[in-house]
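Working notes for the structure below.
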Amino acid sequence: MNTITAIKTYNNVGVESGVAAADPHQLILMLYQGALLAIVNAKNGMLRKDIPAKGAAISQAILIIDDGLKASLNKDVGGELAHNLAALYDYMTNRLLTANLKNDVVALDEVARLLNDLKGAWESIRPKSTSTLPVTPTIARQQETPNVKLQVANVQSTISTPLQSATVRHAMSAYGGV
């Protein structure tokens, strides 16, 4: 087994273990984290002019947003907020498609900023009994990439305003009262 294969296997086991042990709130955070990491990888691919890597990473981000975050919304319980989040996720996937077609770093940054804001809001409503998500080796390695300004670890610094507690409770209902 070569080193790259071993690292990928280790990362997959770490992610699978994290998913198995995660509560619903942590799973949503993991989806945000995964989408942000995919955007970092897309930006790296774009900067290196590695078209296949860029395309694969953008496809992964779209998949996480559509089949993970958007599919997790409970529109019956979440009402208008859930519908608004679904529309925002659709907007993000369209921006990612534009980024892929036009090599548009600005579009990648815009989607990352939106995801960071949502992730930060979701983190702020974390139930007290849940532990923080561990930083996986994959994420740590991506943060060390020199040419990428987007840093997953700096999520909190991009949140523009804190949410009111009533809004936070309402946001939780969008995901079925996670």
Which residues in region 103-128 have a backbone N closer than 13 Å to a point placed 7 Å from the Cα of HIS83 along the Cα-to-Cβ line? none
Simple spin-label estimate for ALA71/VAL105, 7 Å along Cα→Cβ, in nm, reads 3.3 nm
Filtered hits (aspartates and glutamates, Cα-Cα < 13 Å from LYS49, offset >= 8 within chain) -> ASP104
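Rule-based calculations on the coordinates, nothing more; no lab input. The structure displayed is predicted, hence computed values, not measured ones. As a convention, Cβ positions derive from the backbone with ideal geometry for all residues, glycine included, and neighbour counts pool all protein chains shown.
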